[in-house]
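The values are calculated or read from the model by the stated rules, or taken from the named source; none is laboratory data. This structure is a prediction, so every number in the text was calculated from the model and none was measured. So basically every Cβ, Gly included, is an ideal-geometry build from the backbone, and we count neighbours across all protein chains shown.
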Amino acid sequence: MTETGVAMALDEVAKEYPGGVFALRGVSVEIPGGDQVAVVGPSGSGKTTMLTILGTLERPSSGQVHVAGCDVVQASDGELAGLRAHEIGFVFQSFHLQESTSAVDNVANGMLYTGARGSVRREAARAALDRVGLGHRLDHRPTQLSGGERQRVAIARALAKRPTIILADEPTGNLDSKSGGDIITLLHELASDGATLVLITHDAAIAGSFGRQIRMRDGEIVGDERS
Amino acid sequence: MSSAAAPPIRTRIDRARLPPRELLGAALQGLRTRKLRAALSALGIAIGIGAMVAVVGVSSSSQAQLLAEIDSLGTNLLTVTPGQTFTGNNEVLPAASVPMIGGMGNVLRDAAIYQLSNAVVLRTPFVPAQQTGGIGVDAAGQNLPEVVGTSMSSGHFLGPVSDRYPEAVLGAQAASVLQITQVGGHVMVYLGSRWFTVVGIMKSALLDTSLDSTVFISLPVAERMFGAAPNPSEIYVRANQNDVTPVSNLLAPTADPQNSSGVDVSRPSDALEARAAAKGQFTTLLLGLGAVALLVGAIGIANIMVISVLERRSEIGLRRALGAKRSHISAQFLAESALLAALGAVVGLGLGAGATEVYSVARNEPFVVPLYALIAAPSAGLLIGTLAGLYPAGKAARLSPTEALRV
């Protein structure tokens, strides 16, 4: 698996929730390193579940999952945590920023579990905020920032540790179309230096900006196109 | 699929790590963002620890006071009294025991008293002779106050004049029973069948309070007027401080070489020291109350942490997404809980010390908070907080990250 340069691979993955609800029904997909992929589909199609399985936050009910060369089904909680700490950056629709903490500390806290020292983390955080264009807002709290700026902080938090995989779940869902567009452009730019980007969206225009689009419906992949 | 643009694939993943310093920082931040709640939940622990520290501090302070009194009175006083025979009758100390003991090496001073069983002291002859108020009459040597470590509250003790004229000195308790507060102006008591002039009133003799309810006259007068036998009923001995034990061992054979087993020797400061030790024993009831407050405080912290886990589900989910292991999450909540309680304990230590200070100033006693309390209080806080945090921490660690993120 690792020799082929595949960043993430799902093989016949099913996810069943208590009560017999299937979120995923036998999904197989390979995402090569450096790919930029949009996952589109209506709500309830299983795209968020796929993202959480790719992000090793959940294990599948059946099937095989490999992420960054790690067998997710076999790995221990500690190994998966290590994978998330070093290799995977998440961007959420609702930002998940700590309101009482400055932008730079929010970003630095994103590297908390890498074991890096506070000064190292803050240095990386300043650089990351600089990259997302918020170098002048280091000490602002999330409440003092606009929605687009908050999402930039969240993106900086995902990127500060230089992950090989970026997973974004509807990152523009809470933003107006202008800031949303800017965020997508930023993500493309940041991922272009080698990171694998998987982004969930239900916006066809956003999906259109991606080189590869995976369509989902009822827990299955119904389309996988490259444009 | 192309692998040309693929980043270097790692064969070994670095571990997720949370160094202790970073853990502490995360826990402190968790507390800082909820200051009021943290303060209120730490209050229970503060009250519990405060109560316990105050109990320990107050009892230590009054113990220190008593020990200081013992120190000033001296621990080198020994008493020699006649014991009891095998059949229960009282032994008699030989008259020669007084000069014998006075001649011993390492004896600094000594004074004897002679009980007069046939004499009663009354305010006036009109008081029935049975109403003695428990006051005994003793003949005493002139240096008695000095030897037993007390002084006069009024007037002077028996002197050379007292050997020839009927003069009496009252113990503190005897004076108050006879309602005599001051000497001078020909204060008299009716002793036996004649009037005695009261020349002095003694202060309480802490080392032997039985002297307080006694009226003293001189031995020559006692022998002349009451036919007193020259056998001492008690001999007080001040020994050289470093030789108290050898002197104590030699007193009985010196007092009565023929019947040393009929002589009792004791050290009055022992009883006071035992009393001081008893004061040092904490008031169990109050300590129990403190423990109850601690328990309530611990439950309060556990309660607040459980609520906190529910409220902070999205934070927990985020931390898991950022690479926290389950153990990192539980460690953070445990640390918050332990810090909270330790904080409360330190505040409680301050409260308890303050209460002790107020008490000691009001009672004019030395301020003492035992050193171990400075270590025990925060340690107890840490322990209680850790125990209280166990359940919420486990609950937080078991939370599914995706469910937590969905909030």
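Which of the residues belonging to segment A:159-182 are surrounded by 23 or more Cβ atoms within 10 Å (Cβ to Cβ) and part of a helix (DSSP H, G or I)? Matches in segment A:159-182: A:Leu159 only. If you go through segment A:6-62 and keep only what is in a strand (DSSP E or B), touching a Gly at 6+ places or on another chain (Cβ under 6 Å) and at positive phi, you end up with just A:Glu12.
Within segment A:51-84, the set of residues being within 26 Å of A:Thr201 (Cβ to Cβ) and at the interface with chain B (Cβ under 8 Å from one of its Cβ atoms) comprises A:Thr52, A:Gly55, A:Leu57, A:Glu58, A:Ala68, A:Leu83, A:Arg84.
For segment B:108-120, check the following and say yes or no: at least one residue is under 17 Å from B:Val265 (Cα atoms) and surrounded by fewer than 18 Cβ atoms within 10 Å (Cβ to Cβ). Yes: one or more hits.
Of all the residues in segment A:107-143, those that are in a helix (DSSP H, G or I) and either within 12 Å of B:Glu22 (Cα to Cα) or facing chain B (nearest Cβ under 10 Å) (or both) number 5.
Kindly indicate whether any position in segment B:348-365 is within 24 Å of B:Pro20 (Cβ to Cβ) and of a type in the set (D, E, K, R). There is no residue in segment B:348-365 that is within 24 Å of B:Pro20 (Cβ to Cβ) and of a type in the set (D, E, K, R). Scan segment A:89-100 and tell me whether some residue there is within 9 Å of another protein chain (Cβ to nearest Cβ) and without any contact (Cβ under 8 Å) to a residue 40 or more places away in the chain. No: segment A:89-100 contains no residue that is within 9 Å of another protein chain (Cβ to nearest Cβ) and without any contact (Cβ under 8 Å) to a residue 40 or more places away in the chain. The set of residues in segment B:318-334 that are more than 8 Å from chain A (Cβ to nearest Cβ), surrounded by 24 or more Cβ atoms within 10 Å (Cβ to Cβ) and out of contact with any Ser or Thr (no Cβ under 7 Å at 6 or more places or on another chain) comprises B:Ile329, B:Gln332, B:Phe333. Screening B:Leu158 against (1) at pLDDT below 90; (2) within 40 Å of the chain's Cα centre (by Cα) leaves a single unmet condition, (1).
Number of residues in segment B:1-44 that are more than 44 Å from the chain's Cα centre (by Cα) and modelled with pLDDT of 70 or more equals 8.
Among the conditions (1) within 21 Å of B:Val92 (Cα to Cα); (2) surrounded by fewer than 22 Cβ atoms within 10 Å (Cβ to Cβ); (3) of a type in the set (A, V, I, L, M), the only one that B:Ile235 does not satisfy is (2).
For segment B:221-231, state whether one or more residues are within 28 Å of B:Gly74 (Cα to Cα) and in the same structural domain as B:Pro99 (by TED's automatic domain parsing). Yes, segment B:221-231 contains at least one residue that is within 28 Å of B:Gly74 (Cα to Cα) and in the same structural domain as B:Pro99 (by TED's automatic domain parsing). Taken together, the criteria exclude B:Val292 from residues that are in contact with a helix residue (DSSP H, G or I) (Cβ under 6 Å, 6 or more places away or on another chain), over 20 Å from B:Ala139 (Cα atoms), assigned by TED's automatic domain parsing to the domain that holds B:Ala46 and surrounded by fewer than 19 Cβ atoms within 10 Å (Cβ to Cβ).
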